[in-house]
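The values are calculated or read from the model by the stated rules, or taken from the named source; none is laboratory data. What you see is a predicted model, and the numbers here were worked out from it, not measured in a lab. We place every Cβ from the backbone using ideal geometry, glycine too, and count neighbours over all the protein chains shown.
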Amino acid sequence: MREIKVRETLEKSRSSKREVGGELFELLRKQRTVFAKELAIPPFMVFSDQVLMNLADAKPLSLSDMLNVSGIGEKKADQFGQAFLKVIQDYAN
């Protein structure tokens, strides 16, 4: 019985991740992958999935707006911000 509840919870969690960000979330993930490959680091070290979902929800249009997104500090905003803002802006248009 417990295994079924755990499985159902995991499935709900996975499906809600897909629904939250949708197409923009996937575009942000692709941009994250580009940086991860260039820097030879795991993608989560660029931004976690949760941060990408926060970005997809907030849709910031400037670096100062991006700094208000949970999980983004000045260092990562300076390092990656412009590229992610471009993805968001292109998506909005």
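Tell me which residues, restricted to the range 69-80, are over 21 Å from E26 (Cα atoms) and either under 15 Å from the mean Cα position of the chain (by Cα) or among the hydrophobic types (A, V, I, L, M, F, W, C) (or both). Full working, then the answer.
First, the residues of the range 69-80 that are over 21 Å from E26 (Cα atoms): 73-75, 78.
Hit for the range 69-80 is G73, nothing else.
Does R32 meet the test of being surrounded by 10 or more Cβ atoms within 10 Å (Cβ to Cβ), among the basic types (K, R) and at pLDDT below 95?
Numbers: surrounded by 10 or more Cβ atoms within 10 Å (Cβ to Cβ): yes; among the basic types (K, R): yes; at pLDDT below 95: no.
Answer is no for this residue.
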